[in-house]
1. State, as an integer percentage, the relative contact order of the chain based on alpha-carbon contacts under 8 Å between residues 6 or more apart.
2. Å³ per residue of the Cα convex hull, for region 216-295?
3. Using a 1.4 Å probe over the heavy atoms of the protein chains, calculate the carbon and sulfur portion of the accessible area of region 185-313 as a whole percent.
4. Between region 207-252 and region 22-64, how far is it from one alpha carbon centroid to the other, in angstrom?
5. Accessible area of SER11, 1.4 Å probe, to the nearest 10 Å²?
6. How far is helix 223-235 tilted, in degrees, relative to the longest principal axis of the Cα atoms in the chain, given as a value from 0 to 90 rounded to the nearest 10?
7. Please tell me which of these pairs span more than 27 angstrom C-alpha to C-alpha: LYS68/LYS294; LYS6/LYS344; LYS157/LYS216; LYS208/LYS294?
8. What does the charge add up to near GLN321, with Lys and Arg as +1, Asp and Glu as -1, over the other residues with Cβ less than 9 Å from its Cβ?
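The values are calculated or read from the model by the stated rules, or taken from the named source; none is laboratory data. Bear in mind the structure is a predicted one, so any value in this text is a computation, not a measurement. Reconstructed Cβ throughout: ideal geometry from the backbone, glycine too, with neighbour counts over all protein chains shown. Heads up: the accessible areas ignore ligands, DNA and RNA and are worked out on the full protein's heavy atoms, side chains in. Shrake-Rupley method; radii C 1.70, N 1.55, O 1.52, S 1.80 Å.
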Amino acid sequence: MIIVMKPHATSEQTEHVFERVRELGYQVHPIYGEQRTVIACVGDERGKARLQALELVDGVESVVPILKPYKLASTDWKQERSAITLSRTGENGFSPITIGNSHFVVMAGPCSVESREQILMSARQVKQAGARILRGGAFKPRSSPYSFQGLEEEGLKLLAEAREATGLYIITEVITPTDVPIVSEYADILQVGARNMQNFALLKEVGKARKPVLLKRGMASTLKDLLLSAEYIMSMGNYDVILCERGIRTFEEYTRNTCDLSAVPALHELSHLPVVVDPSHGTGVRSLVTPMAKAAVAAGADGLIIEVHPNPEEAFSDGAQSLLPDQFEELMTWVKKLAQIEGKAI
Ligand code: PEP
Ligand code: MN
């Protein structure tokens with residue numbers, strides 16, 4: 001349910017409503033707008049009729065149901081587009097960056113952190129081309145137990161060193177709830193991978209973390225499933241969620257996945273959260289990455305996450321879809337032009 005306060009409701013009246021909502025066993029998620037405060041009350045769906053009675057409380061204008069199954073992720077609760085800001089105040093070379101709400105950001109780097117030389121070189125190359133965030137997996141969710149599983153904490157340390165050396169922010173994946181504290185120590189954005197989109201224990205744990213989360217769409221998930229997973233994170237108090245379309249499984253075999261670009265405008269209709277596209281996993285084919293990246297910008301994406309490797313032939317994972325540094329540079333030239341046409345700052 002959403003409680004809409006009157007434009008001139010006092011803070012005492014609003015506080016009183018918070019108390020009443022909590023007494024009824026619901027969580028309070030307020031948005032303090034310029035005109036009025038809007039309070040999402042989330043909790044057990046069964047008791048929501050009792051919230052309706054709060055319509056009679058002083059300062060309340062109306063109590064209306066949120067019809068969508070996801071509440072905090074929906075445009076019913078928040079109409080303005082959300083933006084996520086990264087900052088490392090006080091550290092040299094780091095200017096804050098914003099993702100979403102007309103601010104376009106490119107994240108790039110190798111699939112996995114493999115060695116000090118590899119990640120430092122990748123960081124310098126993607127920075128040179130204009131990326132602001134370095135990607136690289138330290139904990140890898142591999143389909144086969146015999147594939148490279150990642151350098152784990154050593155990989156996180158190497159990412160931190162690359163951040164220090166270049167001024168790029170860092171995104172890296174967390175695959176288990178118990179790793180959330182250690183990954184949060186190093187990462188600027190926590191990545192939840194496609195295979196873990198419905199790992200609810202993990203979603204709750206990253207919901208408690210004080211770091212933004214990039215949530216990838218599961219390969220057999222609907223947009224509703226994706227938004228319900230975002231809701232898990234947000235209901236724990238972490239509103240800084242970035243949605244990521246990374247391709248879904250279809251009967252097509254030429255591409256690794258089918259990159260569903262209609263998800264971008266659809267998610268923008270359903271949700272206020274920023275939407276990023278990953279055309280690397282979305283296609284699995286190097287030659288298709290740049291065309292799909294261009295199309296993603298045109299579809300209104302708020303950012304891209306791209307795999308780039310200094311020497312893809314030798315990559316420990318996802319070499320076939322990784323761009324060479326000069327290909328990434330060319331992609332960036334296109335993306336800068338197209339983002340500008342879309343009215344986005346990059
Ligand atoms: C990755 O980003 O390297 C990755 C494993 O992605 P996904 O979860 O989308 O497969
Ligand atoms: Mn990968």
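1. Working: 748 pairs, mean separation 52.1, N = 346.
Relative contact order here is 15 percent.
2. Working: hull volume 6.7 nm³, N = 80.
Spread over its residues, the Cα hull of region 216-295 gives 83 Å³ apiece.
3. Working: 2360 of 4460 Å².
Reported share for carbon and sulfur atoms: 53 percent.
4. What the calculation gives is 26 Å, centre to centre.
5. 80
6. Taking the Cα atoms of the chain, the angle to 223-235 is about 70 degrees.
7. Working: LYS68/LYS294 32 Å; LYS6/LYS344 34 Å; LYS157/LYS216 24 Å; LYS208/LYS294 35 Å.
Beyond 27 Å: LYS68/LYS294; LYS6/LYS344; LYS208/LYS294.
8. Working: positive: ARG256, ARG286; negative: GLU307, ASP318.
Residues close to GLN321 contribute a combined charge of 0.
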